[in-house]
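Chemist: Handing you a structure now.
The values are calculated or read from the model by the stated rules, or taken from the named source; none is laboratory data. Here the structure is a predicted model, which is why all the values come from computation and not from measurement. Reconstructed Cβ throughout: ideal geometry from the backbone, glycine too, with neighbour counts over all protein chains shown.
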Amino acid sequence: MIERRARKLVDTALQRQAAVGLIGPRQVGKTTLAHSIADKRPSLYLDLEATEDRAKLADPALFLRAYEDRLVILDEIHRTPELFQTLRGLIDQGRRRGHRTGRFLVLGSASIDLLRQSGETLAGRIAYIEMGPFDVAEAAQTPENLLALWVRGGFPDSFLAADDTQSFDVRRDFIRTYLERDVPQFGPRIPAETLERLWTMLAHGQGSLLNASRLSASLAISAQTVTRYIDLLADLMLVRRLPPFHANIGKRLVKSPKVYVRDSGLLHALLGIIDFDQLSGHPVVGTSWEGFAIENLISAAPAHSSASFYRTSAGAEIDLLLDIPKHGRWAIEIKRGLAPRIEKGFHLACEDAAPTRKYVVYAGQDRYPLNSDTEATGLSALVLELIGLQ
C-alpha cells in the first residue's frame, strides 16, 4: 500500500510539476518504484552511482536535450548536485516550448545537500514526495505481522527476512553501511565510531527530551557538534526530532524536542535486541512502541499536517498532537498495554491544547469509547483512518 500511495503521489506530482524529488532513506524501494513508473511511459533511467551513467553526463545539457520527449529518472542525485543548475535551464527551455510537466524524476537519500541544491535552483519547478519503510497499513494486516513489523522495522529486506536473526544481521549491515560509506558523502567528516555511539545513545534514550549538553559530555565532543550530528541523522530520515507544542497559554511548556530513532528495527539493532522475547524484557519496550506508533501515525497523516507533543513542567502531557488541515487537532496518547486508561496528565493537557478529537492508541485491536469524547483504538485502525483523509 505504501508503494501504491507513493506511486499515486508521484504520478500526480509529475502532472503538475516539471521535476519531482522522491526522497527517503536507502533500501526503502525508491528505485523499484521509479522503475515501475518508467515501465508505463517513455523514459530514461540513469544510476548516478554507476561510473558509466555519470560519464554520459560529461556534458549534461547536450545529453539530456536528446531526451526531451521522455521522463528522465536520475537515481542517487546527491552524487552530482551540480546537475540541479542544468536541470533548471532545461526545464525553463522546455517550458518556453510547451513542455511544462513530467520532465525529471530525481531520487535521493534525503540529504541536506539534495534539499539545499534543489531548493536554491529548482524553486517552483520541483515537488517532493517522501517514501519511508513499510508501515502498518501495508505490512501489518494481522496481529502477528504487526508484531513482526514492530520488532524488525519496515525496511523491506529486514521485514521479509527468513527469521529474526537474519533480519537483525540485515539491519546491522545497514547501520555499518550508513556509518562507513553513506554518512561521509553528506556532511563533514564524522568519525564513524563517534556517530555510532551517539546513535546508540539516542536509542537508549528513545523518546526522551534532547539534552545536547549531556550527550556531549558522554561523547567528549561539543554540544554544537552533537547538534550537528543529530541534524545529519535527521536529514537522512534516520532520526526524528518531534517538536514541542507551542501556545501562549500561560503554562511552563517544555521547549526541547523529543528524539526518536525513526525505524523500530534500527532502534532494536542498535540496542542488540534480536526478537520479541528480548524486546519484551528490555527497558526500552514502552518507548519503542511509542516511537513505532508515532512514526506510523505521522506517515499516514495527510499532506501539510503538523506533528508535535505537549508537556508542561507540572506533568500535563500528550504523546502526539496532529494538526490536520480541514480536520482539526487530534490528541493521541499511546499505551503499550491491552487495558488502556486515561491519565490525569492527558486530561489536563487536553484542557490546554483544545483538541477536536482524542484517542488512546493501544496494543489491542478493538475500538471503543473510554469516555464521552475519547476513544481507545488499535494502531492499524487509526492509521487507516488517517490515510482515508488524504
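Chemist: Filter the range 203-223 down to the residues that are in contact (Cβ under 8 Å) with a residue 60 or more places away in the chain and assigned to a helix (DSSP H, G or I) and list them by number.
Modeler: Scanning the range 203-223 gives Ala203, His204.
Chemist: Could you check, for the range 230-240, whether at least one of its residues is in contact (Cβ under 8 Å) with a residue 24 or more places away in the chain, more than 12 Å from Trp199 (Cβ to Cβ) and surrounded by 22 or more Cβ atoms within 10 Å (Cβ to Cβ)? Talk me through it step by step, then tell me what you get.
Modeler: Applying the first criterion (in contact (Cβ under 8 Å) with a residue 24 or more places away in the chain) to the range 230-240 yields 230-233, 235-240.
Then drop every residue that is not more than 12 Å from Trp199 (Cβ to Cβ), which leaves 231, 235, 237, 240.
Cutting the leftovers down to surrounded by 22 or more Cβ atoms within 10 Å (Cβ to Cβ) gives us none.
Scanning the range 230-240, I find no residue that is in contact (Cβ under 8 Å) with a residue 24 or more places away in the chain, more than 12 Å from Trp199 (Cβ to Cβ) and surrounded by 22 or more Cβ atoms within 10 Å (Cβ to Cβ), so the answer is no.
Chemist: Criterion first (assigned to a helix (DSSP H, G or I) and under 30 Å from Ala127 (Cβ atoms)) does Ile332 satisfy it?
Modeler: Details: assigned to a helix (DSSP H, G or I): no; under 30 Å from Ala127 (Cβ atoms): yes.
Spelling it out, it is not the case that Ile332 is assigned to a helix (DSSP H, G or I) and under 30 Å from Ala127 (Cβ atoms).
Chemist: Given (1) within 14 Å of Gly265 (Cβ to Cβ); (2) surrounded by 21 or more Cβ atoms within 10 Å (Cβ to Cβ), where does Leu198 come up short, assuming only one miss?
Modeler: Going through (1) within 14 Å of Gly265 (Cβ to Cβ); (2) surrounded by 21 or more Cβ atoms within 10 Å (Cβ to Cβ) one by one, Leu198 breaks only (1).
Chemist: What helices (runs of 4 or more DSSP H), lying completely within the range 1-75, carry at least 1 residues that are closer than 30 Å to Ser158 by Cα? Show your work before the answer.
Modeler: Details: elements: 2-16, 30-38, 51-56, 60-65.
Helices (runs of 4 or more DSSP H) meeting the threshold: 2-16, 30-38, 51-56.
Chemist: If you take the residues in the range 335-379 that are hydrophobic (A, V, I, L, M, F, W, C) and in a loop (DSSP other than H, G, I, E, B), which one is surrounded by the most Cβ atoms within 10 Å (Cβ to Cβ)? Working first, answer last.
Modeler: First, pick out the residues of the range 335-379 that are hydrophobic (A, V, I, L, M, F, W, C): 338-339, 342, 346, 348-350, 353-354, 360-361, 363, 370, 376, 379.
When the remaining residues are screened for being in a loop (DSSP other than H, G, I, E, B), the result is 338-339, 342, 354, 363, 370.
Working: Leu338: 10, Ala339: 9, Ile342: 16, Ala354: 11, Ala363: 19, Leu370: 17.
If we take residues in the range 335-379 being hydrophobic (A, V, I, L, M, F, W, C) and in a loop (DSSP other than H, G, I, E, B), then Ala363 is surrounded by the most Cβ atoms within 10 Å (Cβ to Cβ).
Chemist: Could you tell me whether any residue of the range 109-123 is surrounded by 21 or more Cβ atoms within 10 Å (Cβ to Cβ), modelled with pLDDT of 85 or more and under 20 Å from Leu44 (Cβ atoms)?
Modeler: Checking the range 109-123: not a single residue is surrounded by 21 or more Cβ atoms within 10 Å (Cβ to Cβ), modelled with pLDDT of 85 or more and under 20 Å from Leu44 (Cβ atoms).
Chemist: For Leu90, which of the numbered conditions (1) aliphatic (A, V, I, L, M); (2) buried (at least 18 other Cβ atoms within 10 Å of the Cβ); (3) assigned to a loop (DSSP other than H, G, I, E, B) fails to hold?
Modeler: Leu90 satisfies all of (1) aliphatic (A, V, I, L, M); (2) buried (at least 18 other Cβ atoms within 10 Å of the Cβ); (3) assigned to a loop (DSSP other than H, G, I, E, B) except (3).
Chemist: Restricting the range 278-299 to residues that are over 25 Å from Leu382 (Cβ atoms) and modelled with pLDDT of 95 or more, which is surrounded by the most Cβ atoms within 10 Å (Cβ to Cβ)?
Modeler: Going residue by residue through the range 278-299, those that are over 25 Å from Leu382 (Cβ atoms) are 278, 281-283.
Right, trim to modelled with pLDDT of 95 or more and you get 278, 282-283.
On the way: Gln278: 16, His282: 14, Pro283: 10.
Top of the filtered list is Gln278.
Chemist: Return only the number of the condition from (1) among the hydroxyl-bearing types (Ser, Thr, Tyr); (2) buried (at least 18 other Cβ atoms within 10 Å of the Cβ); (3) in the same structural domain as Tyr362 (by TED's automatic domain parsing) that Ser213 does not satisfy.
Modeler: (2)
Chemist: Still on this structure, please answer the following. Looking at Ile126, Ile77, which one is touching a residue at least 24 places away in the same chain (Cβ under 8 Å), surrounded by 15 or more Cβ atoms within 10 Å (Cβ to Cβ) and either more than 23 Å from the chain's Cα centre (by Cα) or farther than 25 Å from Gln390 by Cβ (or both)?
Modeler: Numbers: Ile126 fails: either more than 23 Å from the chain's Cα centre (by Cα) or farther than 25 Å from Gln390 by Cβ (or both).
Exactly one residue qualifies, and that residue is Ile77.
Chemist: Give the residues of the range 129-176 that are touching a residue at least 40 places away in the same chain (Cβ under 8 Å), surrounded by fewer than 23 Cβ atoms within 10 Å (Cβ to Cβ) and among the hydroxyl-bearing types (Ser, Thr, Tyr), sorted by residue number.
Modeler: The one that is touching a residue at least 40 places away in the same chain (Cβ under 8 Å), surrounded by fewer than 23 Cβ atoms within 10 Å (Cβ to Cβ) and among the hydroxyl-bearing types (Ser, Thr, Tyr): Thr165.
Chemist: Related question: Any idea which residue in the range 242-276 is farthest from Thr200 (Cα to Cα), counting only those that are charged (D, E, K, R) and at pLDDT below 95? Outline the logic, then answer.
Modeler: Going residue by residue through the range 242-276, those that are charged (D, E, K, R) are 251-252, 255, 258, 262-263, 275.
Retained after the next criterion (residues that are at pLDDT below 95): 251-252, 255.
Details: Lys251: 33, Arg252: 31, Lys255: 24 Å.
Applying the filter and picking the extreme gives Lys251.
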